Amino acid sequence: ALTLWPPAKRPLPLLKTLLGRPDMIFALVAVPLGVLAFTLWLHFVTGDSLAFVHIQRGWDRELVNPFQALWDGFTATGDRLQDQKWLALAAVIGLALCGALFETKRYAEAIFCALSLLLALGNGVESMVRFVAALAPLNLVAAELLARKRSLFWLVLLASMALDYVLTQQWLHQHGALM
């Protein structure tokens, strides 16, 4: 099995290995081509290739330092206080689970999830519950961590069922933190 992490001390063997793997070359090229195709489609539909960036102003969002966004979430005041703290907590839990992935030597998943969360935090803590929940490796490592203590099974099951009910009700009533 080929592993690309940790990287080779010299780039030439890694480059030779990559050139011998068309599937890896496709994987490295697919993401930028996907973004390029999306920007071309936006250009033809809206006349603005970067509409996905410019629309952020419509939601009163701007690019910020991800760690500043966390700080702002925990120190929010006023009517946004409750939602912002929960959203910031979700981001911290997600980043902690990235650390657990790294600890279990799943470097690719840890890096992917951490970069995904940090990129999302670049617009603030909004929707962080959804971002964390949608990253499958984080769910898997959370399940593995909880499975270490057999006695926690029933407690976690009951808590998950109760939380599922509460979150579903909040989502149905368009509670801010879940939208």
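Values in this text are rule-based calculations from the coordinates and carry no lab data. Keep in mind the model is a prediction, meaning the values are calculated, not measured. Because the Cβ atoms are built from the backbone with ideal geometry, glycine has one as well, and the counts that use them run over all protein chains shown.
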**Item:** Length added when fully stretched, S127-D23, from 0.36 nm per residue minus Cα-Cα
**Value:** 34.1 nm
**Message:** Taking a ≥ b ≥ c as the square roots of the Cα gyration tensor eigenvalues, with a/c under 1.5 meaning rounded and otherwise prolate when a/b beats b/c, else oblate, which class fits segment 139-178?
**Reply:** oblate
**Request:** Kindly rank 100-109, 84-93 from highest to lowest mean number of other beta carbons found within 10 Å of each residue.
**Result:** 84-93, 100-109
**Request:** Averaging sequence separations of C-alpha pairs under 8 Å and six or more residues apart, then dividing by the length of segment 12-163, give the relative contact order as a whole percent.
**Result:** 19 percent
**Request:** Starting with the highest mean, order 161-174, 131-144 by the number of other Cβ atoms within 10 Å, averaged over the residues of each peptide.
**Result:** 131-144, 161-174
**Globularity index of segment 71-128, i.e. its alpha-carbon radius of gyration over 2.2 N^0.38 Å** = 1.22
**Prompt:** To the nearest 500 deg cm²/dmol, what mean residue ellipticity at 222 nm is calculated for the chain from DSSP H runs of n ≥ 4 alone, each contributing -39,500 (n - 2.57), summed and divided by the residues?
**Reply:** -22500 deg cm²/dmol
**Asked** Which helices pass in the chain if a helix is a full DSSP H run, must span at least 20 angstrom along its long axis by Cα, and must have mean Kyte-Doolittle hydropathy not below 1.0?
**Response** 22-46, 81-103, 107-121, 152-172
**Size of electric dipole in the chain: Cβ of Lys, Arg +1 and of Asp, Glu -1, about Cα centre, debye, nearest 20** = 800 debye
**Request:** Would you work out which of L19, C113, L97 lies farthest towards the positive end of the dipole of the chain, given +1 charges on the beta-carbon of Lys and Arg and -1 on that of Asp and Glu, about the Cα centre?
**Result:** L19
**Request:** For segment 118-179, state which trypsin sites (Lys or Arg not before Pro) are in a DSSP loop and have at most 15 other beta carbons lying within 10 Å of their beta carbon.
**Result:** R148, K149, R150
